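First up is the structure itself, then whatever we jot down about it.
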Amino acid sequence: MKKEFAVIGLGRFGGSICHALAEEGMEVMAIDVNEDRVNEFARIASHAVVGDTTDELVIKSLGIRNFDHVIVAIGDNIQASILTTLILKEVGVKKITVKAQNDYHAKVLRKIGADHVVHPERDMGRRIAHSIVSNNVLDYLELSDEHSIVEIVANEKLAGHSIIDLDIRAKYGINIVAIKRKNEIIVSPQANEKIQIDDILIVIGADVDINRFEKKVMS
């Protein structure tokens, strides 16, 4: 069965999520207080609705509690974002992801029960900066303020060595959770797995430890 998503707030961030989910063939309800924005998404989303989600009656009338995942992408109105999240939680929505404007906003959202809080502008800025600084880093996903998953291209220093030879976990406190090798993905690679040139290592750990690994081994 297709998963059902609701996206509340159709600005740049919410709009891009709507487009991406629709392209994946998902059922998407697009919601905004601005009628012009809603009309823009009438052909993209499964349903496009004008509604004020700070009103509990509106949320209940839309049947949002039955959706698999609700994304709150309300722009500059922090109060509306918090109130919407609170009502969604109270009506029993299974999973709620909310866009935060700042760290204080994020802290409040977590306290009232948001399952996942994202900082789109900050996270994208960090990803771009990370990829600019390191030639070996292909992608960067922030898990928390201090931990990330990073894709690193193996160079000559790593090629030909097994994971146990490199002893990455003991030396750097990070883990290789998977290796992408051409069209193959090796999940939870064995300790005796030898790394090949241009393998993409998917590494998880604290940012400070990943940075140490990059500087000492990948430079």
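Things worth noting here:
- Of all residues in the stretch 62-89, exactly one satisfies the criterion of being without any contact (Cβ under 8 Å) to a residue 24 or more places away in the chain and not polar (S, T, N, Q), namely 63.
- Counting only strands (runs of 3 or more DSSP E) that sit wholly inside the stretch 1-118, those with at least 2 residues that are open to solvent by 10 Å² or more (accessible area, probe 1.4 Å) and in contact with a Lys or Arg (Cβ under 7 Å, 6 or more places away or on another chain) are 116-118.
- Identity of the residue in the stretch 119-144, under 11 Å from the mean Cα position of the chain (by Cα) and open to solvent by 80 Å² or more (accessible area, probe 1.4 Å), that ends up modelled with the lowest pLDDT: 124
- Some residue of the stretch 201-209 being open to solvent by 90 Å² or more (accessible area, probe 1.4 Å), out of contact with any Gly (no Cβ under 7 Å at 6 or more places or on another chain), in contact (Cβ under 8 Å) with a residue 24 or more places away in the chain and β-branched (Val, Ile, Thr): yes
The values are calculated or read from the model by the stated rules, or taken from the named source; none is laboratory data. Nothing here was measured: the structure is a model prediction, and the numbers come from that model. Note that we place each Cβ from the backbone using ideal geometry, even for glycine, and neighbour counts take in every protein chain shown. The protein model used for the area step is the full one, side chains on, heavy atoms only, and it has no ligands, DNA or RNA in it. Shrake-Rupley method; radii C 1.70, N 1.55, O 1.52, S 1.80 Å.
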